[in-house]
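Report on the following structure.
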Amino acid sequence: MALSLLVALAPHASCARPDPSACRVEGERTLGEVASADPRGAFVPADGEGRVALFFLREATDAGNPLSLPSGVAAIAVDPTGVATPARTYKTHSRLAARAGSTEVVGAVWTPREVVWHWVERVTETGADGVLRSEARLVLGRVREGGAEDAAIEPEAARCSDCRIAVDGVAYDGAAVLVFAAAPETKTSPNVGALGTPGLLAHGTVRVSPQGIEVTSPLPGAALPVDTSARLDVIGGRLWLLSRGWQQPVDARMRPAGAPVPRPNATDSLLIPATGETSVVWTALTGDTSDATKGGGALSLRTFDDRGATGPTIRVSSTSRALAAARGGDRFAVLHAAGAVTWLSVVSASGHKLGADVAIGSASEGATARTLFARDRQRWLDLEAANGKLVAREIVCDP
């Protein structure tokens, strides 16, 4: 029977953290640097066990303006040992670059062969009846290193009237895999609709590979509700479909490939899968301000199997939001932030806390992306993408 380990932010009573810290930062180095990049990078799945740091590029006059269209994207691949490749750059697809406005949800999926740009175009027209109508269209454009590109495509299943389209994608199994969902746009709530309710207009997946482009709509056999918060990730070598309240492993064509696990926070939830079990980290503010330096929530740990919880919630630390997590042997490490500080907490699978939390650097809301690798049960690699730089920190913990 598969187990799931749930790491959460839940209400708690104040308690002292153990002291002294059993972990320390033993080195910091810059793995790569990109000029004219957005202040905040992002980590996306690599071809293998590593991650790729992506930085959107802007023209000099647009630097620091997230509302401007990117002029390109730079990718730095890094493996779990901290070995990084030189930055590779890809220009923006010409159709996207030519857009003067009415462009939404711009993103890029990096694969070892190319970057697949995706964006939503909005066209507003007055019909013969005099009624103003707005149509949203998902557009995809493939660009290779060096600038060669294919003509942009518009999947027929991913267009709708008076609606909003959400899209997310990752590289998986040699292809770019995207998920999209469309819901009616209203003045009060543009992010509405769930599978099985009248609110969701369409949903589906697009797979872009060297063999061509494959569109499937609706999503095949999703076990639990999908809405416009849906996104994808590749963790532990498996593709995961994440939506509001749940997350589920799926295959390359988005068919269920395992049991779903809870996802209580749709915007801040982390997965740590392992053989036969899955760990989940999420944040939820509780209003507890007993430790003013660590925010109003508690980092907690709980274990689940296919039938539900198998043990009590274990208090780990106070915090505000989780940033990254990894597992090494019988230990879990979680990077979390509160105020202006990023902290590292390490606990065993049984819930035993390894020393006190250790400060790993500064934290700024929305200004940095983090990922964490386990080298073994004592050594961890913290990667940070921010201000056009990819920085690695070596963390060593007591045996």
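The values are calculated or read from the model by the stated rules, or taken from the named source; none is laboratory data. Keep in mind that what you see is a predicted model, and the values were worked out from it rather than measured. Here the Cβ positions follow ideal geometry from the backbone for every residue, glycine too, while neighbour counts run over all protein chains shown.
Structural remarks
- Pair list, Cβ < 7 Å and 6+ apart or interchain, from segment 332-351 residues that are among the charged types (D, E, K, R) to residues that are surrounded by 24 or more Cβ atoms within 10 Å (Cβ to Cβ) and part of a loop (DSSP other than H, G, I, E, B): none
- Residues satisfying the stated conditions in segment 353-364, i.e. part of a strand (DSSP E or B) and small (Gly, Ala, Ser): Gly355, Ala356, Ala359, Gly361, Ser362
For (1) outside any loop (DSSP other than H, G, I, E, B); (2) at pLDDT 90 or above; (3) of a type outside the set (Asp, Glu), each residue gets a yes or a no:
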{"site": "Ala298", "(1), (2), (3)": "yes, no, yes"}
{"site": "Leu301", "(1), (2), (3)": "yes, no, yes"}
{"site": "Ser318", "(1), (2), (3)": "yes, no, yes"}
{"site": "Gly351", "(1), (2), (3)": "no, no, yes"}
{"site": "Gly366", "(1), (2), (3)": "no, no, yes"}
{"site": "Trp380", "(1), (2), (3)": "yes, yes, yes"}
{"site": "Leu383", "(1), (2), (3)": "yes, yes, yes"}
{"site": "Ile395", "(1), (2), (3)": "yes, yes, yes"}
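- Subset of segment 329-349 (residues that are outside any strand (DSSP E or B) and farther than 16 Å from Ala298 by Cα): Gly329, Asp330, Ala340, Ala349
- Pairing each residue of segment 25-50 that is free of Cβ contacts under 8 Å to residues at least 12 places away in the same chain and on the phi > 0 side of the Ramachandran plot with any residue that is buried (at least 20 other Cβ atoms within 10 Å of the Cβ) and not in a strand (DSSP E or B), provided the two are 6+ apart or on different chains, yields no C-beta distance under 9 Å.
- Total residues in segment 224-249, condition touching a Pro at 6+ places or on another chain (Cβ under 6 Å) and either buried (at least 22 other Cβ atoms within 10 Å of the Cβ) or at pLDDT 80 or above (or both): 7
- In segment 120-133, the residues that are in contact (Cβ under 8 Å) with a residue 24 or more places away in the chain reach residues that are in a loop (DSSP other than H, G, I, E, B) with C-beta atoms within less than 6 angstrom, at least six apart or across chains, in these pairs: Arg133/Gly127.
- Candidates Thr216, Thr186 - the one that is surrounded by fewer than 21 Cβ atoms within 10 Å (Cβ to Cβ), at pLDDT 85 or above and of a type outside the set (A, V, I, L, M): Thr216
- Test: residue in segment 93-107 that is touching a His at 6+ places or on another chain (Cβ under 7 Å), of a type outside the set (Phe, Trp, Tyr) and under 28 Å from Arg393 (Cβ atoms): yes
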